[in-house]
Amino acid sequence: MSIQTPSRDEQAGTSSGTRDGREQSHRKPGVRLAGAFYLMVLPAFLLFFVFHTIPVLQGVYYSFTDSPGYGPSSFVGLRNYIALFTDPRVLHAYWFTFLIAAVATILVNIVSLAIAVGLNSRIKFKNGLRAIYFIPNVLAILVIGYIFNYLFSNSLPALATKIGIDSLATSLLTKASTAWIAIVILAVWQSAAFNIIIYIAGLQTVPTEMYEAADLDGASPWRRFRSITFPMIAGFFTINMVLSLKGFLQIFDHIVALTGGGPGTDTESVALLIYKGGFQGGEYGYQSANSVVFFIVIVGFSIVQLRVLRRREVEV
């Protein structure tokens, strides 16, 4: 009895069929897994599209109308955008917002980095102090703002009167020349908590061997910070600078709690102006155009700042 062996073609077909079967068996779970990922992402995408993308597109549409926020409206083209650049109230709001954002961004990063370096060192009650410094980040800004309002309007003038400091005998919030300082103080105090956590996370990535080698070389604390600490946490510095500037450009609650935009309109930020004009002043279409311009400004500042700081990271 002769035994027939399969030919090479049959063997190749059998082996290829086996491979195809294995590939299909391996591919099916992957397809199912990809489908599961889409199902997990889809609800978040729908929520984002419905509650973010659609309102943004509606706002862009209303920016080309004279809508007061209710009732009929007419298409006015670029008239709202042209009027923005000649409106003194709008220009002052942008100038004031840039001033607050620039000063607060610099101060909050200096303060938070200094505190983070101290909390990262070998000190007692380090964990407890970290928790205490993080408390302002979890408190409502409006609640904190009203407390600071009382301090600036009552406690500080009373204390200054007893001490004999005439320049602080009156509330800082009554004058535009000093009200912005009070806003910066509140903004820095409240925002430093988050920046401290970011900087502490960055400081913990610096190898201790580098500090030990610097100590053997006799490097001073400032030299160690300038040559080791700051270059190693440059990426964390970039994150904090970009997030701080973006947050302070959108400052709103701090001003509402302290000055409400006063005296007059001297301390109005762009966000507060958009809110007042759009929802209280019947300028919904006009302030929608302001919102579009403000969005472009924030994105532009963030991109430029990110590129400059990234380039700085490479140089460091």
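Throughout, read-outs are computed from the coordinates displayed, never taken from laboratory work. Here the structure is a predicted model, which means the values were calculated and not measured. Neighbour counts are summed over all protein chains in view; Cβ atoms, including those assigned to glycine, are modelled from backbone coordinates with ideal geometry.
Worth a mention:
- Gyration tensor (Cα) of the range 189-316, equivalent ellipsoid semi-axes in angstrom: 42, 16, 10
- Equivalent ellipsoid semi-axes - Cα gyration tensor, the range 116-205, angstrom: 32, 15, 12
- Rule-of-thumb Rg ratio for the range 94-137 [Cα; 2.2 N^0.38 Å; N residues]: 1.52
- Using θ = phi - 60° and Karplus 6.51 cos²θ - 1.76 cosθ + 1.60, couplings along the range 134-148 (whole Hz; Gly, Pro as x): 8, 4, x, 6, 9, 8, 5, 4, 5, 5, 4, x, 5, 5, 5
- With neighbour counts taken as other beta-carbon atoms within 10 Å, the residues 89, 122 rank, fewest first, as 122, 89.
- Exposure proxy for 52, 254: other Cβ atoms within 10 Å of each Cβ, ordered fewest to most, give 52, 254.
- A simple count of charges around residue 178, restricted to other residues whose Cβ falls under 14 Å of its Cβ and scoring Lys, Arg +1 and Asp, Glu -1, yields -1.
- Each helix, a run of at least 4 DSSP H residues, gives -39500 (n - 2.57); summed and divided by the residues of the chain, these come to -23500 deg cm²/dmol at 222 nm.
- Using all pairs of distinct alpha-carbon atoms, the Kirkwood hydrodynamic radius of the range 84-315 works out to 19.7 angstrom.
- Relative exposure of 171, 227, judged by other C-beta atoms within 10 Å (fewest first): 227, 171
- Cross-link reach list, lysines versus residue 162, counting only Cα pairs under 30 Å and skipping chain neighbours closer than eight places: 175
- Taking the alpha carbon gyration tensor of the range 165-214, multiplying each eigenvalue by 5 and rooting it gives semi-axes of 40, 13, 7 Å, largest first.
- Amide H contacts under 5 Å for residue 65, placed H, 5+ residues apart: 76
- Distance from the range 289-314 to the range 70-110 (C-alpha centre basis), Å: 16
- Value of Rg to Rh for the range 68-221, rounded to two decimals, is 1.14; Kirkwood radius and Rg both from alpha-carbon coordinates.
- Distances between every pair of Cα atoms in the range 36-86, grouped in 5 Å steps from 0 to the bin holding the largest one, split as 4, 18, 17, 17, 12, 10, 8, 6, 6, 2, 0 percent.
- Each Cα pair under 8 Å and six or more residues apart adds its sequence gap; the mean of these over the residue count of the chain is a relative contact order of 28 percent.
- Karplus-derived 3J(HN,Hα), 6.51/-1.76/1.60, for each residue of the range 121-132, Hz, glycine and proline x: 7, 8, 10, 6, 6, 4, 5, x, 5, 4, 5, 5
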